[in-house]
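Peer 1: Pasting a structure below so you can have a look.
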Amino acid sequence: MTSRAYAARGVRLAPRRHGSRIHWDRLGRVVLVFVLFAVLASYLNPLVNFFHTWQDARSGKTALVKLRAENTSLRSQARALSNPAVLVRVARDQGMVRPGEQSYVIHGLPR
């Protein structure tokens, strides 16, 4: 029933009090939004840590691939240097001579 219907019957309605100006429904929504942002902010730091860990893992895998390639290269070089003929050639490239050999230095050769 509307207030006019009550007035027509002679029923007096209690006067409305306007003393409370707090809109509890609006306040509840605002608090709920703040709580939602607080929950989202609490997930932000672990998410950032997860992203950094993922990037570190990717860079670690890349470094591992490079190091394995370098290891393969160094192992093949070590196998080659265990051959006496290769060892003599490398020593001569560095300017070494065998004991008892006479070394010569020739200047002015075209390169």
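The values are calculated or read from the model by the stated rules, or taken from the named source; none is laboratory data. Everything numeric here is computed off the predicted structure, so don't read it as measured data. Note that we place each Cβ from the backbone using ideal geometry, even for glycine, and neighbour counts take in every protein chain shown.
Peer 1: Have a look at LEU81, LEU87, LEU64, LEU27 and point out the one that is modelled with pLDDT of 95 or more and surrounded by 10 or more Cβ atoms within 10 Å (Cβ to Cβ).
Peer 2: LEU64
Peer 1: In segment 26-76, which residues are over 16 Å from the mean Cα position of the chain (by Cα) and β-branched (Val, Ile, Thr)?
Peer 2: VAL30, VAL31, VAL33, VAL35, VAL39, VAL65, THR72 - these are the residues of segment 26-76 that are over 16 Å from the mean Cα position of the chain (by Cα) and β-branched (Val, Ile, Thr).
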